[in-house]
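Following: one structure in structure tokens, then a few remarks.
Please treat every number below as a calculation from the coordinates, not as lab data. Every value quoted in this text rests on a predicted model; they were computed, and no experiment measured them. All Cβ positions, glycine included, derive from the backbone under ideal geometry; neighbour counts span all protein chains shown.
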Amino acid sequence: RISYDPTRYPKYIPEAYCLCKGCLMGIFGEENFHFRSTPVYMPTVILRRTSSCAGGRYIYTEDYVTIPVGCTCVPEQEKEAESVNSSIDK
């Protein structure tokens, strides 16, 4: 996907998104739901335009944002492990 913001430099930033809930595995690329597809984020610096001007030019400030750059597979937690953890939290 392309993120667009006219007050940011760069105005256009490509962003990754996960197409599958599970992960494609095996020699035939079947979707495995024992794993889930999760975005991987990268912190980056952009320039954000302010409402101020100096010498007829916009003034920009640095802004730190996290951008999804890809997807990875993480093991899906088992239902029993989730119920044990939820009882500990209570």
Collect the residues in segment 11-33 that are surrounded by 13 or more Cβ atoms within 10 Å (Cβ to Cβ) and under 21 Å from PRO75 (Cβ atoms), keeping them in residue-number order.
-> ALA16, CYS18, CYS20, GLY22, CYS23, LEU24, MET25, GLU31, ASN32
Can you tell me which of THR44, THR38 is farther than 28 Å from GLU78 by Cβ and either part of a strand (DSSP E or B) or within 15 Å of the chain's Cα centre (by Cα) (or both)?
-> THR44
Of the listed residues (ARG49, ARG36, ARG57), the one being surrounded by fewer than 13 Cβ atoms within 10 Å (Cβ to Cβ) and basic (Lys, Arg) is ARG57
